[in-house]
Amino acid sequence: MFDDLDALSRAAADEVVQIARAAIAARGACAIALSGGSTPTRLFDVLAQRGRSAAPWDHIDLWWVDERTVAPDHPDSNYGTARAHLVDPLALAPGRVHRMAGEHTDPDVAARAYEDELTAALGAPPVFDLVLLGMGADGHTASLFPGSPALAERTRFVVANPVVSPLVRGTATRITLTASALSAARHVRFLVAGADKAQTLAAVRAGPRDRYPAQLVEGPDVVWLVDRAAAAAAAAAAHREDPRS
Ligand code: 6PG
């Protein structure tokens, strides 16, 4: 547990660099899948501030866990956010930045094209070295929202997912990795900050494990990096059970 988003982001940046260096030492390459939303933006800024020499960026390929169906220069674009806070400041090679075509008139075509690119590069299922995930207050991750069709997908690795949620301001179609793709990763790091997520985080961690999309992400190394505000409900529940905690 970290005091705040800044401390969480600095720790996450350390893990990105450590996992990347180990991947490159072992296999000569590193594939990282980024989330959108607001939480990772601070991490992007920390990585950018540390400079290009702080990580083996020449051997890191960036992918996305999801994308909104908007143009890359739209304020809601996950790629656009990473470009502004990480890709451009570090002048990363365009050939190593693999965005989803959110602007495509047919999101299903865009999803299938991304799956083809991804599986050609990382296999089937695509094995990322690191997947960075967030979690919404409803327990969604990537664009796997409660009640959305993509939750039941067991064969595809990238799909267009029609979402109905107040968190997408009504209805929206998102392009998203499926739970199969997320769970094939060597390392998964959830970054969760803020009091608005505390109740859901406590429920996600306590179980049962069939209630929230974030619980679908499994794998050999899934670690939650949370700040004190997001951890508060779980800490309170633990204290009620054991006042010594
Ligand atoms: C997106 C993200 C999404 C995000 C959560 C948390 O496209 O929005 O991929 O899954 O991680 O919604 O968002 P915040 O970090 O803004 O709370």
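The values are calculated or read from the model by the stated rules, or taken from the named source; none is laboratory data. For clarity, every value in this text was computed on a predicted model and none was experimentally measured. All Cβ positions, even for glycine, are placed from backbone atoms using ideal geometry, and neighbour counts span all protein chains on display. The accessibility values were calculated without ligands, DNA or RNA, using every heavy atom of the protein model including side chains. Shrake-Rupley method; radii C 1.70, N 1.55, O 1.52, S 1.80 Å.
Worth pointing out:
- Expressed as a whole percent, the accessible surface of the chain that belongs to carbon and sulfur atoms is 53, based on a 1.4 Å probe.
- Å² per residue, accessible surface of the chain at 1.4 Å: 44
- Fraction of beta bridges assigned by DSSP in segment 5-241 that are antiparallel (%, nearest 5): 45
- Amide hydrogen neighbours beyond the local backbone of Gly194, cut-off 5 Å, H modeled: Asp227, Ala229, Ala230
- Segment 140-196 shape via C-alpha gyration tensor axes, a/c threshold 1.5: oblate
- Value of relative contact order over the chain, rounded to a whole percent, pairs C-alpha under 8 Å and six or more apart: 21
- Prolate/oblate/rounded label for segment 46-108 (Cα gyration tensor, a/c 1.5): prolate
- Here the Karplus curve 6.51 cos²θ - 1.76 cosθ + 1.60, taken at θ = phi - 60°, turns the phi angles of segment 64-72 into couplings of 10, 7, 6, 8, 7, 7, 9, 6, x Hz, with x standing for Gly and Pro.
- Kyte-Doolittle mean at least 0.0 and Cα axial length at least 30 Å: DSSP H helices in the chain: 5-27
- Unit charges at the beta carbon, dipole of the chain: most positive-side option, Asn161, Leu151, Leu130: Leu130
- Placed amide H near Val131: partners under 5 Å, 5+ positions off or other chain: Ala33, His187, Val188, Arg189
- Summing charges over neighbours of Pro89, with a neighbour being any other residue whose Cβ is under 11 Å away from its Cβ, gives +1 when K and R count +1 and D and E count -1.
- Cα gyration tensor, the chain - rounded (a/c under 1.5), prolate or oblate: oblate
- Estimated purely from DSSP H runs of n ≥ 4, each contributing -39500 (n - 2.57), the mean residue ellipticity at 222 nm for the chain is -10500 deg cm²/dmol once divided by its residues.
- Value of relative contact order over segment 118-245, rounded to a whole percent, pairs C-alpha under 8 Å and six or more apart: 27
- 5 angstrom amide H check on Val163, placed H, neighbours 5+ away: Ala172, Thr173, Arg174
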